[in-house]
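Beneath this line is the structure, given in C-alpha coordinates, with notes to follow.
The values are calculated or read from the model by the stated rules, or taken from the named source; none is laboratory data. Everything numeric in this text was worked out from a predicted model, so none of it was measured. All Cβ positions, even for glycine, are placed from backbone atoms using ideal geometry, and neighbour counts span all protein chains on display. Ligands, DNA and RNA are excluded from the accessible area calculation, which covers all protein heavy atoms including side chains. Shrake-Rupley method; radii C 1.70, N 1.55, O 1.52, S 1.80 Å.
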Amino acid sequence: MSEEKQYTDPAANFTDEKEPSSLKLIFALGIAGFLSGILLVSAYLYTLPMIEANKAAALQKAIFKVLPGCHSFQSLALIDGELMEESELGEVTGKQQKKGEAPKKIFAGFDDQGKFIGFAIPGSEPGFQDIIGAIYGYDATKNMIIGFEVLESKETPGLGDKIFKDPDFQSNFASLETEPDILAVKKGKKVNPNEVETITGATISSKAVVRLLNKSLKEWKLPVSEYLRKNNMDLTNNLKK
Amino acid sequence: MNDKPRSTEEFLKGLWNENPVFVAVLGMCPALAVTNSAINALAMGLATTFVLVFSSLLVSLFRNIIPKQVRITAFIIIIATFVTVVDFLLAAITPVIHKELGAFIALIVVNCLILGRQEAFASKNKVGLALADGLGMSLGFTFALLCIGVIREVLGNGSLFNISLFGDNFEPWVIMILPPGGFFALGFLLLFFNWFIQRRKKQNETKTQEI
(Lines give C-alpha, C1' and ligand atoms only; values in the text may rest on other atoms or scores of the structure.)
Protein backbone atom coordinates (compact mmCIF):
# COMPACT_ATOMS: atom_id res chain seq x y z
CA MET A 1 0.00 0.00 0.00
CA SER A 2 2.79 2.35 0.82
CA GLU A 3 4.13 1.84 -2.66
CA GLU A 4 1.18 3.62 -4.12
CA LYS A 5 1.96 6.70 -2.14
CA GLN A 6 5.54 6.79 -3.26
CA TYR A 7 4.65 8.20 -6.61
CA THR A 8 3.24 11.67 -6.35
CA ASP A 9 2.98 14.03 -9.24
CA PRO A 10 5.91 16.43 -8.80
CA ALA A 11 3.64 19.33 -9.71
CA ALA A 12 1.36 18.41 -6.83
CA ASN A 13 4.06 19.44 -4.36
CA PHE A 14 3.68 23.00 -5.44
CA THR A 15 -0.06 23.37 -5.31
CA ASP A 16 0.13 24.93 -1.88
CA GLU A 17 2.58 27.48 -3.21
CA LYS A 18 1.18 30.53 -4.88
CA GLU A 19 0.29 29.76 -8.49
CA PRO A 20 2.37 32.03 -10.75
CA SER A 21 0.37 34.09 -13.21
CA SER A 22 0.03 32.88 -16.78
CA LEU A 23 1.87 35.96 -17.91
CA LYS A 24 4.88 34.87 -15.91
CA LEU A 25 4.81 31.41 -17.48
CA ILE A 26 4.54 32.83 -20.97
CA PHE A 27 7.37 35.20 -20.18
CA ALA A 28 9.63 32.38 -18.93
CA LEU A 29 9.01 30.24 -22.01
CA GLY A 30 9.39 33.27 -24.24
CA ILE A 31 12.83 33.95 -22.80
CA ALA A 32 13.78 30.29 -23.18
CA GLY A 33 12.64 30.29 -26.80
CA PHE A 34 14.46 33.54 -27.49
CA LEU A 35 17.77 32.28 -26.07
CA SER A 36 17.39 29.00 -27.88
CA GLY A 37 16.74 30.90 -31.11
CA ILE A 38 19.91 32.94 -30.70
CA LEU A 39 21.96 29.82 -30.06
CA LEU A 40 20.46 28.03 -33.06
CA VAL A 41 21.01 30.93 -35.44
CA SER A 42 24.63 31.28 -34.41
CA ALA A 43 25.22 27.53 -34.70
CA TYR A 44 23.56 27.57 -38.12
CA LEU A 45 25.61 30.48 -39.37
CA TYR A 46 28.78 28.96 -37.97
CA THR A 47 28.30 25.58 -39.62
CA LEU A 48 26.64 26.73 -42.87
CA PRO A 49 29.85 27.40 -44.84
CA MET A 50 31.27 24.02 -43.74
CA ILE A 51 28.10 22.15 -44.68
CA GLU A 52 27.94 23.90 -48.04
CA ALA A 53 31.59 23.12 -48.68
CA ASN A 54 31.00 19.46 -47.83
CA LYS A 55 28.06 19.29 -50.20
CA ALA A 56 29.97 21.00 -52.98
CA ALA A 57 32.96 18.69 -52.44
CA ALA A 58 30.72 15.63 -52.52
CA LEU A 59 29.07 16.84 -55.72
CA GLN A 60 32.38 17.60 -57.36
CA LYS A 61 33.76 14.19 -56.41
CA ALA A 62 30.64 12.57 -57.81
CA ILE A 63 30.93 14.46 -61.10
CA PHE A 64 34.50 13.27 -61.58
CA LYS A 65 33.42 9.76 -60.71
CA VAL A 66 30.48 9.47 -63.10
CA LEU A 67 32.41 10.93 -66.03
CA PRO A 68 35.50 8.73 -66.34
CA GLY A 69 38.55 10.74 -67.38
CA CYS A 70 36.89 14.02 -66.46
CA HIS A 71 39.39 16.76 -65.71
CA SER A 72 37.28 19.87 -65.47
CA PHE A 73 33.62 20.70 -65.71
CA GLN A 74 31.32 23.53 -66.56
CA SER A 75 27.99 24.12 -64.81
CA LEU A 76 25.02 24.57 -67.07
CA ALA A 77 21.68 25.88 -65.90
CA LEU A 78 18.31 25.19 -67.45
CA ILE A 79 16.48 28.44 -68.06
CA ASP A 80 13.22 28.48 -70.01
CA GLY A 81 14.00 25.08 -71.49
CA GLU A 82 17.41 26.17 -72.69
CA LEU A 83 20.79 25.28 -71.26
CA MET A 84 23.07 28.18 -70.47
CA GLU A 85 26.64 28.30 -69.36
CA GLU A 86 27.23 29.83 -65.99
CA SER A 87 29.23 32.70 -67.54
CA GLU A 88 26.26 33.67 -69.70
CA LEU A 89 24.06 33.34 -66.71
CA GLY A 90 24.91 36.66 -65.12
CA GLU A 91 22.34 38.66 -67.06
CA VAL A 92 19.62 36.10 -66.69
CA THR A 93 19.90 35.15 -63.04
CA GLY A 94 18.35 38.42 -61.93
CA LYS A 95 15.16 37.50 -63.72
CA GLN A 96 15.32 33.94 -62.49
CA GLN A 97 15.85 34.84 -58.88
CA LYS A 98 12.82 37.04 -58.85
CA LYS A 99 10.78 33.99 -59.70
CA GLY A 100 12.19 32.53 -56.50
CA GLU A 101 13.35 29.33 -58.11
CA ALA A 102 16.93 28.24 -58.48
CA PRO A 103 17.53 26.95 -62.00
CA LYS A 104 18.19 23.24 -62.39
CA LYS A 105 21.80 22.50 -63.09
CA ILE A 106 23.76 19.88 -64.97
CA PHE A 107 27.47 19.69 -65.58
CA ALA A 108 29.44 19.27 -68.80
CA GLY A 109 32.70 17.42 -68.26
CA PHE A 110 35.93 17.77 -70.25
CA ASP A 111 39.09 15.68 -70.16
CA ASP A 112 42.60 17.05 -69.68
CA GLN A 113 42.86 18.06 -73.35
CA GLY A 114 39.63 19.99 -73.11
CA LYS A 115 37.75 17.35 -75.03
CA PHE A 116 34.06 17.04 -74.23
CA ILE A 117 33.17 13.77 -72.49
CA GLY A 118 29.57 14.02 -71.46
CA PHE A 119 27.12 15.45 -69.00
CA ALA A 120 26.78 14.76 -65.29
CA ILE A 121 23.08 15.03 -64.50
CA PRO A 122 21.65 15.04 -60.97
CA GLY A 123 18.21 13.59 -60.33
CA SER A 124 16.04 12.32 -57.51
CA GLU A 125 13.29 9.79 -57.01
CA PRO A 126 11.48 8.27 -54.01
CA GLY A 127 13.16 5.02 -52.98
CA PHE A 128 12.26 2.50 -50.31
CA GLN A 129 12.64 4.85 -47.34
CA ASP A 130 13.12 8.34 -48.62
CA ILE A 131 14.14 10.32 -51.66
CA ILE A 132 17.19 8.92 -53.41
CA GLY A 133 19.34 11.70 -54.81
CA ALA A 134 21.83 10.62 -57.44
CA ILE A 135 23.97 11.87 -60.28
CA TYR A 136 24.84 10.03 -63.48
CA GLY A 137 27.19 10.50 -66.37
CA TYR A 138 25.49 10.77 -69.76
CA ASP A 139 27.34 10.50 -73.04
CA ALA A 140 25.00 12.42 -75.33
CA THR A 141 26.70 11.46 -78.58
CA LYS A 142 26.49 7.71 -77.91
CA ASN A 143 23.24 8.07 -75.99
CA MET A 144 24.68 6.06 -73.13
CA ILE A 145 25.01 6.25 -69.38
CA ILE A 146 28.66 5.98 -68.42
CA GLY A 147 28.59 6.31 -64.63
CA PHE A 148 26.27 6.51 -61.64
CA GLU A 149 26.69 7.72 -58.08
CA VAL A 150 24.25 8.13 -55.20
CA LEU A 151 24.41 11.49 -53.44
CA GLU A 152 21.67 11.09 -50.86
CA SER A 153 19.83 8.04 -49.65
CA LYS A 154 18.33 6.55 -46.52
CA GLU A 155 17.92 3.06 -47.99
CA THR A 156 18.05 0.05 -45.66
CA PRO A 157 21.58 -0.61 -44.46
CA GLY A 158 22.76 -3.97 -45.76
CA LEU A 159 20.17 -4.23 -48.53
CA GLY A 160 18.97 -1.02 -50.14
CA ASP A 161 22.25 0.73 -49.56
CA LYS A 162 23.85 -1.70 -51.98
CA ILE A 163 22.73 0.69 -54.71
CA PHE A 164 25.86 2.62 -53.82
CA LYS A 165 27.92 0.00 -51.97
CA ASP A 166 27.70 -3.01 -54.29
CA PRO A 167 30.29 -2.89 -57.08
CA ASP A 168 28.25 -5.44 -59.08
CA PHE A 169 25.31 -3.09 -59.18
CA GLN A 170 27.53 -0.14 -59.94
CA SER A 171 29.03 -1.98 -62.90
CA ASN A 172 25.57 -1.89 -64.54
CA PHE A 173 26.16 1.75 -65.27
CA ALA A 174 29.61 1.62 -66.85
CA SER A 175 27.97 1.53 -70.29
CA LEU A 176 24.22 1.44 -70.28
CA GLU A 177 22.18 2.22 -73.35
CA THR A 178 19.25 4.50 -72.83
CA GLU A 179 17.23 3.75 -76.01
CA PRO A 180 14.64 2.34 -75.57
CA ASP A 181 13.89 2.98 -71.90
CA ILE A 182 16.14 1.34 -69.34
CA LEU A 183 14.66 -1.85 -67.91
CA ALA A 184 15.19 -3.54 -64.55
CA VAL A 185 15.79 -7.29 -64.77
CA LYS A 186 16.59 -9.93 -62.18
CA LYS A 187 20.17 -10.64 -61.28
CA GLY A 188 21.96 -12.70 -63.93
CA LYS A 189 19.23 -12.12 -66.53
CA LYS A 190 20.83 -9.21 -68.32
CA VAL A 191 20.82 -9.72 -72.10
CA ASN A 192 20.34 -6.33 -73.70
CA PRO A 193 22.58 -3.32 -73.23
CA ASN A 194 19.67 -1.26 -71.90
CA GLU A 195 19.00 -3.52 -68.91
CA VAL A 196 19.99 -3.13 -65.28
CA GLU A 197 20.40 -6.14 -62.98
CA THR A 198 18.55 -5.43 -59.75
CA ILE A 199 19.96 -6.30 -56.33
CA THR A 200 18.53 -9.40 -54.69
CA GLY A 201 16.61 -8.23 -51.62
CA ALA A 202 16.59 -4.63 -52.75
CA THR A 203 14.32 -4.69 -55.76
CA ILE A 204 12.46 -1.55 -54.76
CA SER A 205 15.63 0.48 -54.35
CA SER A 206 17.08 -0.83 -57.61
CA LYS A 207 13.88 -0.10 -59.49
CA ALA A 208 13.80 3.38 -58.01
CA VAL A 209 17.23 3.99 -59.49
CA VAL A 210 16.04 2.82 -62.92
CA ARG A 211 12.95 5.03 -62.63
CA LEU A 212 15.15 7.94 -61.66
CA LEU A 213 17.32 7.48 -64.74
CA ASN A 214 14.40 7.12 -67.14
CA LYS A 215 12.53 10.12 -65.78
CA SER A 216 15.57 12.30 -65.70
CA LEU A 217 16.65 11.30 -69.20
CA LYS A 218 13.22 12.15 -70.54
CA GLU A 219 13.55 15.56 -68.99
CA TRP A 220 17.08 16.29 -70.13
CA LYS A 221 17.53 14.65 -73.51
CA LEU A 222 15.91 17.49 -75.39
CA PRO A 223 17.70 20.46 -73.81
CA VAL A 224 20.97 18.54 -73.91
CA SER A 225 20.77 17.73 -77.61
CA GLU A 226 19.71 21.29 -78.36
CA TYR A 227 22.62 22.60 -76.39
CA LEU A 228 24.94 20.32 -78.32
CA ARG A 229 23.53 21.49 -81.64
CA LYS A 230 23.88 25.11 -80.61
CA ASN A 231 27.45 24.56 -79.54
CA ASN A 232 28.32 22.22 -82.35
CA MET A 233 31.14 24.52 -83.40
CA ASP A 234 32.73 24.42 -79.97
CA LEU A 235 32.46 20.69 -79.77
CA THR A 236 34.04 19.97 -83.13
CA ASN A 237 36.75 22.46 -82.26
CA ASN A 238 37.37 20.56 -79.14
CA LEU A 239 37.49 17.32 -81.01
CA LYS A 240 40.06 18.70 -83.46
CA LYS A 241 42.33 19.68 -80.62
CA MET B 1 32.21 18.62 1.89
CA ASN B 2 31.16 15.12 1.09
CA ASP B 3 30.46 16.23 -2.46
CA LYS B 4 33.35 14.58 -4.23
CA PRO B 5 32.60 10.92 -3.55
CA ARG B 6 28.89 11.61 -4.09
CA SER B 7 29.50 12.93 -7.60
CA THR B 8 31.76 9.98 -8.40
CA GLU B 9 28.97 7.74 -7.22
CA GLU B 10 26.43 9.53 -9.43
CA PHE B 11 28.83 9.22 -12.34
CA LEU B 12 29.49 5.51 -11.87
CA LYS B 13 25.88 4.43 -11.38
CA GLY B 14 25.05 5.32 -14.98
CA LEU B 15 27.88 3.23 -16.32
CA TRP B 16 26.88 -0.05 -14.73
CA ASN B 17 24.33 -0.40 -11.92
CA GLU B 18 21.73 1.86 -13.50
CA ASN B 19 22.88 1.54 -17.09
CA PRO B 20 20.19 3.29 -19.14
CA VAL B 21 19.97 0.59 -21.82
CA PHE B 22 20.78 -2.68 -20.07
CA VAL B 23 19.15 -2.01 -16.71
CA ALA B 24 16.62 0.80 -17.15
CA VAL B 25 15.83 -0.18 -20.77
CA LEU B 26 15.51 3.44 -21.87
CA GLY B 27 16.29 4.92 -25.26
CA MET B 28 15.44 1.75 -27.15
CA CYS B 29 14.76 3.53 -30.42
CA PRO B 30 18.35 4.60 -31.12
CA ALA B 31 19.70 1.49 -29.39
CA LEU B 32 17.99 -0.66 -31.99
CA ALA B 33 17.92 1.54 -35.03
CA VAL B 34 21.39 2.97 -35.52
CA THR B 35 23.57 0.26 -34.03
CA ASN B 36 24.12 -1.62 -37.30
CA SER B 37 27.79 -0.67 -37.21
CA ALA B 38 30.19 0.19 -34.41
CA ILE B 39 31.01 3.60 -35.82
CA ASN B 40 27.33 4.59 -36.11
CA ALA B 41 26.69 3.41 -32.56
CA LEU B 42 29.64 5.41 -31.28
CA ALA B 43 28.59 8.54 -33.16
CA MET B 44 25.03 8.24 -31.86
CA GLY B 45 26.32 7.70 -28.32
CA LEU B 46 28.57 10.73 -28.47
CA ALA B 47 25.84 12.92 -29.96
CA THR B 48 23.53 11.85 -27.14
CA THR B 49 26.32 12.52 -24.63
CA PHE B 50 26.70 16.07 -25.90
CA VAL B 51 22.98 16.73 -25.67
CA LEU B 52 22.50 15.10 -22.26
CA VAL B 53 25.48 16.76 -20.58
CA PHE B 54 24.65 20.25 -21.81
CA SER B 55 20.94 19.86 -21.11
CA SER B 56 21.67 18.65 -17.58
CA LEU B 57 24.00 21.60 -17.07
CA LEU B 58 21.43 24.16 -18.18
CA VAL B 59 18.47 22.56 -16.46
CA SER B 60 20.43 22.35 -13.22
CA LEU B 61 21.59 25.97 -13.54
CA PHE B 62 18.06 27.27 -14.12
CA ARG B 63 16.29 24.80 -11.85
CA ASN B 64 15.13 27.55 -9.50
CA ILE B 65 14.10 29.96 -12.25
CA ILE B 66 12.01 27.67 -14.44
CA PRO B 67 8.41 27.72 -13.18
CA LYS B 68 7.33 24.20 -12.21
CA GLN B 69 4.19 24.37 -14.32
CA VAL B 70 6.09 24.73 -17.59
CA ARG B 71 9.21 22.78 -16.66
CA ILE B 72 8.69 19.96 -19.19
CA THR B 73 8.22 22.44 -22.00
CA ALA B 74 11.32 24.30 -20.90
CA PHE B 75 13.34 21.05 -20.75
CA ILE B 76 12.20 20.16 -24.26
CA ILE B 77 13.21 23.58 -25.58
CA ILE B 78 16.67 23.16 -24.03
CA ILE B 79 17.07 19.60 -25.32
CA ALA B 80 15.79 20.41 -28.80
CA THR B 81 18.19 23.33 -29.06
CA PHE B 82 21.20 21.15 -28.36
CA VAL B 83 19.96 18.41 -30.66
CA THR B 84 19.72 20.88 -33.52
CA VAL B 85 23.20 22.16 -32.73
CA VAL B 86 24.51 18.58 -32.83
CA ASP B 87 22.72 18.03 -36.13
CA PHE B 88 24.48 21.06 -37.66
CA LEU B 89 27.85 20.12 -36.17
CA LEU B 90 27.73 16.54 -37.45
CA ALA B 91 26.72 17.71 -40.92
CA ALA B 92 29.64 20.13 -40.88
CA ILE B 93 32.32 17.86 -39.44
CA THR B 94 31.47 14.32 -40.57
CA PRO B 95 28.98 14.42 -43.45
CA VAL B 96 29.35 10.66 -43.95
CA ILE B 97 28.19 9.77 -40.44
CA HIS B 98 25.51 12.43 -40.61
CA LYS B 99 24.22 10.74 -43.75
CA GLU B 100 24.25 7.32 -42.07
CA LEU B 101 22.43 8.40 -38.91
CA GLY B 102 19.89 10.36 -40.90
CA ALA B 103 16.67 11.16 -39.09
CA PHE B 104 17.82 9.57 -35.84
CA ILE B 105 19.85 12.61 -34.87
CA ALA B 106 16.74 14.77 -34.81
CA LEU B 107 15.00 12.01 -32.84
CA ILE B 108 17.43 12.42 -29.92
CA VAL B 109 14.90 15.04 -28.77
CA VAL B 110 12.44 12.30 -27.87
CA ASN B 111 14.99 9.97 -26.29
CA CYS B 112 13.29 9.37 -22.96
CA LEU B 113 16.69 8.89 -21.32
CA ILE B 114 17.46 12.59 -21.71
CA LEU B 115 14.12 14.00 -20.59
CA GLY B 116 14.06 11.41 -17.82
CA ARG B 117 17.37 12.55 -16.38
CA GLN B 118 16.26 16.20 -16.45
CA GLU B 119 13.02 15.47 -14.63
CA ALA B 120 14.42 12.91 -12.21
CA PHE B 121 17.82 14.35 -11.45
CA ALA B 122 19.10 17.57 -13.00
CA SER B 123 16.09 19.67 -11.99
CA LYS B 124 16.59 18.68 -8.33
CA ASN B 125 20.35 18.69 -7.87
CA LYS B 126 23.34 20.98 -7.90
CA VAL B 127 25.22 21.64 -11.11
CA GLY B 128 28.20 19.43 -10.23
CA LEU B 129 26.04 16.45 -9.39
CA ALA B 130 23.83 16.97 -12.43
CA LEU B 131 26.90 17.05 -14.66
CA ALA B 132 28.29 13.86 -13.10
CA ASP B 133 24.95 12.14 -13.48
CA GLY B 134 24.53 13.30 -17.10
CA LEU B 135 28.03 12.28 -18.05
CA GLY B 136 27.75 8.89 -16.37
CA MET B 137 24.37 8.11 -17.86
CA SER B 138 25.36 9.16 -21.36
CA LEU B 139 28.65 7.28 -21.25
CA GLY B 140 26.73 4.24 -20.05
CA PHE B 141 24.40 4.74 -22.99
CA THR B 142 27.33 5.08 -25.40
CA PHE B 143 28.91 1.94 -23.95
CA ALA B 144 25.67 0.00 -24.39
CA LEU B 145 25.20 1.19 -27.96
CA LEU B 146 28.79 0.32 -28.75
CA CYS B 147 28.31 -3.21 -27.36
CA ILE B 148 25.28 -3.76 -29.60
CA GLY B 149 26.99 -2.10 -32.56
CA VAL B 150 30.15 -4.19 -32.26
CA ILE B 151 28.21 -7.46 -32.04
CA ARG B 152 26.03 -6.57 -34.99
CA GLU B 153 28.85 -5.34 -37.20
CA VAL B 154 31.15 -8.27 -36.48
CA LEU B 155 28.45 -10.87 -37.13
CA GLY B 156 26.51 -9.04 -39.81
CA ASN B 157 29.31 -7.61 -41.86
CA GLY B 158 32.43 -9.46 -40.75
CA SER B 159 34.13 -6.20 -39.89
CA LEU B 160 34.81 -3.87 -36.97
CA PHE B 161 34.97 -0.10 -37.50
CA ASN B 162 34.96 -0.91 -41.23
CA ILE B 163 38.09 -3.05 -40.92
CA SER B 164 37.46 -6.52 -42.29
CA LEU B 165 38.11 -9.20 -39.68
CA PHE B 166 37.63 -12.59 -41.23
CA GLY B 167 38.67 -12.22 -44.85
CA ASP B 168 36.55 -13.17 -47.85
CA ASN B 169 35.58 -16.64 -46.67
CA PHE B 170 33.28 -15.31 -43.99
CA GLU B 171 29.63 -15.33 -44.97
CA PRO B 172 28.09 -12.42 -43.02
CA TRP B 173 24.83 -12.97 -41.16
CA VAL B 174 23.05 -10.19 -42.98
CA ILE B 175 20.12 -10.40 -40.56
CA MET B 176 22.31 -8.97 -37.82
CA ILE B 177 22.59 -5.58 -39.52
CA LEU B 178 18.90 -5.58 -40.37
CA PRO B 179 16.33 -4.47 -37.78
CA PRO B 180 15.75 -8.00 -36.36
CA GLY B 181 19.46 -8.22 -35.60
CA GLY B 182 19.08 -5.26 -33.27
CA PHE B 183 16.49 -7.15 -31.26
CA PHE B 184 18.63 -10.31 -31.19
CA ALA B 185 21.74 -8.47 -30.00
CA LEU B 186 19.83 -6.41 -27.44
CA GLY B 187 17.92 -9.47 -26.21
CA PHE B 188 21.06 -11.49 -25.59
CA LEU B 189 22.80 -8.58 -23.90
CA LEU B 190 19.81 -8.03 -21.60
CA LEU B 191 19.82 -11.74 -20.82
CA PHE B 192 23.48 -11.56 -19.94
CA PHE B 193 23.03 -8.49 -17.75
CA ASN B 194 20.10 -9.92 -15.87
CA TRP B 195 21.93 -13.19 -15.31
CA PHE B 196 24.90 -11.23 -14.02
CA ILE B 197 22.81 -9.10 -11.67
CA GLN B 198 20.92 -12.11 -10.30
CA ARG B 199 24.10 -13.99 -9.72
CA ARG B 200 25.59 -11.09 -7.80
CA LYS B 201 22.41 -10.74 -5.75
CA LYS B 202 22.61 -14.41 -4.80
CA GLN B 203 26.25 -14.08 -3.86
CA ASN B 204 25.45 -11.13 -1.65
CA GLU B 205 22.66 -13.04 0.02
CA THR B 206 24.85 -16.01 0.80
CA LYS B 207 27.47 -13.66 2.12
CA THR B 208 25.07 -11.94 4.50
CA GLN B 209 23.78 -15.31 5.63
CA GLU B 210 27.28 -16.45 6.43
CA ILE B 211 27.84 -13.35 8.50
Looking at segment B:169-187, is at least one residue among the acidic types (Asp, Glu) and within 18 Å of A:Thr156 (Cβ to Cβ)? no
Flag for B:Lys99 being of a type in the set (D, E, K, R), more than 21 Å from A:Lys165 (Cβ to Cβ) and either surrounded by 15 or more Cβ atoms within 10 Å (Cβ to Cβ) or within 13 Å of chain A (Cβ to nearest Cβ) (or both): no
State which residue pairs qualify: first residue more than 21 Å from A:Tyr138 (Cα to Cα) and inside segment A:179-193, second residue open to solvent by 90 Å² or more (accessible area, probe 1.4 Å) and part of a loop (DSSP other than H, G, I, E, B) in any location, beta carbons under 7 Å apart, and separation of 6 or more residues or different chains. A:Lys187/A:Thr200
Of all residues in segment B:65-85, which are open to solvent by 50 Å² or more (accessible area, probe 1.4 Å), assigned to a helix (DSSP H, G or I) and either at pLDDT below 85 or within 9 Å of chain A (Cβ to nearest Cβ) (or both)? B:Lys68, B:Gln69, B:Thr73
Identify, from the list A:Leu23, A:Leu35, the residue that is of a type outside the set (Val, Ile, Thr), at pLDDT 90 or above, within 18 Å of B:Val70 (Cα to Cα) and over 23 Å from the mean Cα position of the chain (by Cα). A:Leu35
Which residues, counting only those in segment A:19-29, are part of a helix (DSSP H, G or I) and surrounded by 11 or more Cβ atoms within 10 Å (Cβ to Cβ)? A:Lys24, A:Leu25, A:Ile26, A:Phe27, A:Ala28, A:Leu29
Conditions (1) basic (Lys, Arg); (2) closer than 14 Å to A:Ile121 by Cβ; (3) surrounded by 15 or more Cβ atoms within 10 Å (Cβ to Cβ) -> A:Lys215 fails only (3)
Out of the residues in segment A:149-164 meeting the condition of being out of contact with any Pro (no Cβ under 9 Å at 6 or more places or on another chain) and outside any loop (DSSP other than H, G, I, E, B), tell me which one is farthest from A:Pro122 (Cα to Cα). A:Lys162
Which of the residues spanning segment B:147-174 are of a type in the set (S, T, N, Q) and under 23 Å from B:Gly187 (Cβ atoms)? B:Asn157, B:Ser159
Only one of these conditions is not met by B:Val109: (1) closer than 30 Å to B:Asn36 by Cβ; (2) within 12 Å of chain A (Cβ to nearest Cβ); (3) open to solvent by 30 Å² or more (accessible area, probe 1.4 Å). Which number is it? (2)
Counting just the residues of segment B:130-149 that are hydrophobic (A, V, I, L, M, F, W, C) and within 25 Å of B:Met176 (Cα to Cα), which one comes out surrounded by the most Cβ atoms within 10 Å (Cβ to Cβ)? B:Phe141
Considering only residues of segment A:175-188 that are open to solvent by 60 Å² or more (accessible area, probe 1.4 Å) and small (Gly, Ala, Ser), which is modelled with the highest pLDDT? A:Ser175
Looking for whichever is out of contact with any Gly (no Cβ under 8 Å at 6 or more places or on another chain), more than 10 Å from chain A (Cβ to nearest Cβ) and surrounded by fewer than 22 Cβ atoms within 10 Å (Cβ to Cβ) here; the options are B:Phe88, B:Phe50, B:Phe62. Which one fits? B:Phe50
The condition of being modelled with pLDDT under 90 and farther than 18 Å from B:Ala74 by Cα holds, among B:Gly156, B:Gly140, only for B:Gly156
Restricting attention to segment A:155-186, and to residues there that are among the charged types (D, E, K, R) and more than 23 Å from B:Gly102 (Cα to Cα), which single residue is farthest from the chain's Cα centre (by Cα)? A:Lys186
Residue check for A:Val41: more than 9 Å from every other protein chain (Cβ to nearest Cβ), surrounded by 13 or more Cβ atoms within 10 Å (Cβ to Cβ) and either closer than 14 Å to B:Phe88 by Cα or of a type outside the set (Gly, Ala, Ser) (or both): no
Got a number for residues in segment B:116-129 being under 21 Å from B:Gln69 (Cβ atoms) and buried (at least 19 other Cβ atoms within 10 Å of the Cβ)? 6
Those residues of segment B:84-105 which are under 17 Å from B:Thr35 (Cα atoms) and charged (D, E, K, R) amount to B:Lys99, B:Glu100
Only one of these conditions is not met by B:Ser55: (1) open to solvent by 30 Å² or more (accessible area, probe 1.4 Å); (2) under 17 Å from the mean Cα position of the chain (by Cα); (3) of a type in the set (S, T, N, Q). Which number is it? (1)
Condition test on B:Phe161, is it under 22 Å from A:Lys154 (Cα atoms), surrounded by 10 or more Cβ atoms within 10 Å (Cβ to Cβ), more than 14 Å from chain A (Cβ to nearest Cβ) and in contact with an Asp or Glu (Cβ under 9 Å, 6 or more places away or on another chain)? yes
Condition met for A:Ala28 (modelled with pLDDT of 80 or more and within 18 Å of the chain's Cα centre (by Cα)): no
Tally, over segment A:44-77, of residues that are open to solvent by less than 80 Å² (accessible area, probe 1.4 Å), among the aromatic types (Phe, Trp, Tyr) and part of a helix (DSSP H, G or I): 1
